[in-house]
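Chemist: The structure under discussion is supplied below as structure tokens; questions concerning it will follow.
The values are calculated or read from the model by the stated rules, or taken from the named source; none is laboratory data. Bear in mind the structure is a predicted one, so any value in this text is a computation, not a measurement. Cβ: placed from backbone, ideal geometry, glycine included. Neighbour counts: every protein chain shown.
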Amino acid sequence: MKSEFIYSIKVTTYLIKKELFTVKSAITLLLLAIFMFTLVEPIRNFVISIGIKTTPMISIFVFSDFTCQMLILIAFIFIISNAPFIDRFFPYVVSRTGARSFYIGTVLYLMLTAFFYVIFIVLLANLYLIGEETFVFSWGKIWGTIARTDAGELYGIQIGISDQIIGNYDAVRALVLSIFLEWLGLVWLSICACSFNATFKNKSGIIIASLFVFLDTMIYNSWSYYAYLLSPVSLINIESYTGMYNAYGITPIYAAAFFTVTLILFAIIFVKGSRLEKYNNRN
């Protein structure tokens with residue numbers, strides 16, 4: 001068991017060196033940074049104009065905004081689109097580590113990549129407000145003002161600042177929960193993509209994961225709202241747990257069951273579809 005864990009860490013380390021720091025990732029993150037700047041700049045202008053510093057809670061609203069969320073998730077799917085990272089060295093790596101260690105190491109890599117990605121977005125969003133933030137972990141005056149007045153429209157603020165979130169959560173709880181749910185959603189999408197890529201030996205997993213990202217749009221435009229129960233994008237939005245979706249059955253207990261069952265299902269698909277055991281030669 002101990003050696004298996006060590007081999008899993010070695011696989012994760014190998015994938016970090018091979019996949020994380022690539023030109024594709026750098027370009028994607030640069031484009032995301034430019035997009036984030038265009039979103040945060042109007043908020044910065046508003047803060048400067050009224051002379052009151054804001055608090056570091058902007059990432060909560062970035063993660064709960066419909067458009068921002070879709071772009072963040074699609075960008076991440078693009079970054080991990082090579083999962084399960086099969087190349088010409090793949091048989092050698094699996095033969096040295098063992099199939100089970102490779103499965104675990106790959107999942108650990110996806111979880112770490114999702115974590116780094118979420119932290120990058122949180123830091124980036126707050127970076128654009130440096131000098132105009134006071135590091136007090138409360139809502140302060142700015143976020144409530146934007147949510148409850150027409151200030152957002154007057155200053156061209158595109159991020160939706162939800163009064164439902166402000167009214168139903170204290171700031172620290174909302175921040176921690178939004179970061180955790182965003183990470184969980186990214187892990188879910190990446191393992192979904194990895195599982196179907198491995199099974200069908202092509203990029204079909206990327207298409208399936210992307211369809212889940214756009215599922216909310218289809219539901220909003222033409223489907224029954226009960227279909228939100230199948231939407232990971234809705235289930236990782238903290239606004240969904242303020243009571244607005246209770247009538248459709250979206251509760252924290254349901255979300256926990258959904259992610260647990262589907263992640264186990266994806267893990268089974270990954271193992272059965274990859275069939276890596278034929279490479280097992282580890283002594």
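Chemist: So, of the residues in the stretch 133-162 that are surrounded by fewer than 17 Cβ atoms within 10 Å (Cβ to Cβ) and of a type in the set (D, E, K, R), which turns out to be nearest to residue 12 (Cα to Cα)?
Modeler: So the residue we want is 141.
Chemist: Let me ask you something else. Test residue 211 against the criterion of being within 20 Å of residue 76 (Cα to Cα) and at pLDDT below 95, and give yes or no.
Modeler: Numbers: within 20 Å of residue 76 (Cα to Cα): yes; at pLDDT below 95: yes.
Answer is yes for this residue.
Chemist: Looking at (1) in contact with a strand residue (DSSP E or B) (Cβ under 7 Å, 6 or more places away or on another chain); (2) free of Cβ contacts under 8 Å to residues at least 60 places away in the same chain, which is the only condition residue 142 fails?
Modeler: (2)
Chemist: Next up: Determine, yes or no, whether residue 126 is under 30 Å from residue 272 (Cα atoms), crowded, with 16+ Cβ neighbours inside 10 Å and in contact (Cβ under 8 Å) with a residue 40 or more places away in the chain.
Modeler: Answer is no for this residue.
Chemist: Here's something else I'd like to know. Would you pick out the residues in the stretch 48-68 that are in contact with a helix residue (DSSP H, G or I) (Cβ under 6 Å, 6 or more places away or on another chain) and not small (Gly, Ala, Ser)? So that I can check it myself, show each step before the final result.
Modeler: Filtering the stretch 48-68 for residues in contact with a helix residue (DSSP H, G or I) (Cβ under 6 Å, 6 or more places away or on another chain) gives 54, 56-60, 62-64, 68.
Those that are in contact with a helix residue (DSSP H, G or I) (Cβ under 6 Å, 6 or more places away or on another chain) and not small (Gly, Ala, Ser): 54, 56, 57, 58, 60, 62, 63, 68.
Chemist: When only residues in the stretch 145-154 that are of a type outside the set (D, E, K, R) and within 18 Å of residue 41 (Cα to Cα) count, which is farthest from the chain's Cα centre (by Cα)?
Modeler: Restricting to residues being of a type outside the set (D, E, K, R) and within 18 Å of residue 41 (Cα to Cα), the top hit is 154.
Chemist: Quick one: which of 24, 17, 10 is surrounded by 14 or more Cβ atoms within 10 Å (Cβ to Cβ), part of a helix (DSSP H, G or I) and of a type outside the set (S, T, N, Q)?
Modeler: Details: 24 fails: surrounded by 14 or more Cβ atoms within 10 Å (Cβ to Cβ); 17 fails: surrounded by 14 or more Cβ atoms within 10 Å (Cβ to Cβ).
Result of the check over 24, 17, 10: 10.
Chemist: Right, something else. Would you please name the residue that is surrounded by the most Cβ atoms within 10 Å (Cβ to Cβ), looking only at residues in the stretch 163-179 that are free of Cβ contacts under 8 Å to residues at least 40 places away in the same chain and not acidic (Asp, Glu)? Lay out the reasoning, then the answer.
Modeler: Quick first cut of the stretch 163-179, residues free of Cβ contacts under 8 Å to residues at least 40 places away in the same chain only: 163, 166, 170, 172-173, 176.
Subsequent filtering for residues that are not acidic (Asp, Glu) retains 166, 172-173, 176.
Numbers: 166: 21, 172: 11, 173: 11, 176: 12.
Selected residue: 166.
Chemist: I'd like the full set of residues that are closer than 15 Å to residue 49 by Cα, assigned to a helix (DSSP H, G or I) and of a type outside the set (Gly, Ala, Ser), limited to the stretch 136-172.
Modeler: 142, 143, 145, 146, 153, 154
Chemist: Additional query: Which residues, taken from the stretch 64-97, are among the small types (Gly, Ala, Ser) and surrounded by fewer than 24 Cβ atoms within 10 Å (Cβ to Cβ)? Steps first, please.
Modeler: Our first condition is that a residue be among the small types (Gly, Ala, Ser); within the stretch 64-97, this holds for 64, 75, 81, 83, 95.
Within the stretch 64-97, 75, 81, 95 meet the criteria.
Chemist: When you look at residue 54, is it touching a strand residue (DSSP E or B) at 6+ places or on another chain (Cβ under 8 Å), at negative phi and in contact (Cβ under 8 Å) with a residue 40 or more places away in the chain, yes or no?
Modeler: Working: touching a strand residue (DSSP E or B) at 6+ places or on another chain (Cβ under 8 Å): yes; at negative phi: yes; in contact (Cβ under 8 Å) with a residue 40 or more places away in the chain: yes.
Judged against the criteria, residue 54 is a match.
Chemist: In the list 196, 212, 180, which residue meets the criterion of being touching a helix residue (DSSP H, G or I) at 6+ places or on another chain (Cβ under 6 Å) and more than 22 Å from residue 105 (Cβ to Cβ)?
Modeler: Working: 196 fails: more than 22 Å from residue 105 (Cβ to Cβ); 180 fails: touching a helix residue (DSSP H, G or I) at 6+ places or on another chain (Cβ under 6 Å).
Going through 196, 212, 180 in turn, just one is touching a helix residue (DSSP H, G or I) at 6+ places or on another chain (Cβ under 6 Å) and more than 22 Å from residue 105 (Cβ to Cβ): 212.
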